Structure formats: structure tokens, C-alpha cells
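Bear in mind that the values in this text are calculations on the coordinates, not laboratory data. All of these numbers come straight from a predicted model, not from anything done at the bench. Methodologically, a virtual Cβ is constructed for each residue, glycine included, from the backbone with ideal geometry; neighbour enumeration extends over all protein chains shown.
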Amino acid sequence: MGENETPNIMYGRLKEAVNISGYSMERAMTEFDWLLDENRWMKVGDGFDDIDEFTKSINLAEFKIAIEQRKKISQKLAKIGASQRATAKMLGVSHTTIQTDIGNNLPPDEKSTTENQEDTNNSVNNLPPESISEPSWVNEKGRKIHTAQNSGENEWYTPPEYIESARQVMGSIDMDPASSDIANESVNATNYFTKDDDGLNKEWEGNVWLNPPYAQPLISHFADSVVEQRNNYSQATVLVNNATETGWLQTMLLKCDMACFVKGRIKFIDMNGNPGGAPLQGQVILYFGSNIDKFYNEFKKYGICMIRMEKEVE
């Protein structure tokens, strides 16, 4: 690319690409790749905050993209935090194709440590959402740790103190849209949906507790539902990894009323009630509701609490 190229110029060319006769796929892919490098896509126009929103603005489905080029783009988008759904729509292929592109072609170390890795193991997507199933790893000091990825080897549940704190703030837990029979013995929600019930297609009501499945694309879908169903439920407390680089977390952070960034990493509980090893990534607890002071006073013991500001600071 020339020295005088800017993100806006490149974006304009790419937007017009499908309408220009003779515009080559190779040229379009080169321009798109350039925009992804160094996060230049964030500097287009008034600026994009979410990579999914950026991909939605680009239609490359008209091009017959070579398989290796498509895999390269898919994997690059996954590292930035793009959802499989948005990537598939932009490239004009199926969600399954993107799963294969991402899951089967990243180096093993990236598969195990990247939060945005789209897991292609079907057994992962069928795990009870509240139970976090994680592989065991050993760190450089020889201590066993657990990643935020899911393998189906062990089941891990939220420590009860966080659930009880959520109950104290909201007054009750009326709904858990991503649960299991075993998980609800601890959450004790009045109503809950398992993977068989498909809580994404149900209406959420009352006070909601949510610890969604950590595999993609489910984590993105539940994040979308938290925002889209905001008018249906009264309050919600959501426990997720603090993956601030991802589009799904940014979606919720932009709408939540307060967020608690937990000190250290939560040690989840195994089926026998014993604490397990901490995951590689820390966690954040998001609150949606009007009891902001109550949330702060209850959750400040777990970590720093931050409120979302509506007004722009001059």
C-alpha cells in the first residue's frame, strides 16, 4: 500500500468493490487485510468500536474467495474478537464453514489461550452453560491451572458467594436462562432453562442471573440477548470473563449500569463442592438495573466497581 493511503480511502474502495466491474478479489482481500492490521478499521469514518459492526458494513459475499485466503481472514478476525456469525455473513459462507476455518487451522497454543477462539468441538456447545468444563494445564511453576476454554473433562460451577451477593442486590433470582438441573441446586432460580430448553429463544423475566457458556458462538448470542431483552427483565447480574477486547463483552459493557472487575481470578467449584484451579483469565460481573448503590456496596469486596457514564467528558 502507498504511503498516502488512509483507512477512509481504503474503506471507500472496499465498499465500492462489489459494484466495480473488474475489481479483483485479490485486490479487495489485500485492502481488507490492510484495514485489519494495526486496527486501522477503528479509524474509519467516525470510528468503529466493535469489529462485528465493521464487518457488517462490508459485503465480500460477491467475491469467489480462495479457501486459504478465507481461512486467513477468518482466523485474523477471530483474534480481533469478531463473532463467527458476523464473519460468515460478510464472506457469504455458512457458520459451519467459519467454525472449520478457525478451529482446525490455528496453532495449538493459540487454540488453548485465545478467548476469541471459536470452539469446533460439538461436545463443548452441548455442555450445561452454568457448568464450565475446562482442561487441566500446568504452569511454569508446576501448578495445575484451568483455562477458560471448555473440553468436557470436568464440570465447574460458580462459587455460592457470588450468587448470594447477586441475590442480595436484586432481592431474588427469578430466572437463569443458561443453566442445568445440577447448577440450579446452587443458583436456586425460580425458573431456569437448560440447553434443551434453549434459553436464547425464551423471554427473560424478573431478576436474572446469568453465567453463560464460554464457547463461541453461544457467548456472543447470550450477550446479544442480554441487551436485546433488557425491556423484558427487571434486573440482571452477569458473570463472564473480562475479555474486554471482544465484541460480545463490549456490547454488554455499553449497556450495563455497573461492572465489577474481580480481583484475581474466580476459583470455580467442582461437582463435589471443592474449589478448582483458577482459569487463565479474570472475570467481570455486570449489573443491569437501578440498585446501583446496593450493587456497589455488595460487590466492592470482590474488586473495583465502575459505573457507565452517559455524559461525554469535555
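Laid out as a table, the results:
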read-out	value
Shape of the range 160-307, Cα gyration tensor, a/c cut at 1.5	rounded
Of all DSSP beta bridges in the range 160-307, antiparallel share, percent nearest 5	65 percent
Order of 256, 305 - criterion: other Cβ atoms within 10 Å of each residue's Cβ, fewest first	305, 256
Long pairs among 56/79; 43/71; 267/301; 263/301, criterion Cα-Cα beyond 19 Å	43/71
Least to most buried among 284, 208 (fewest other Cβ within 10 Å first)	284, 208
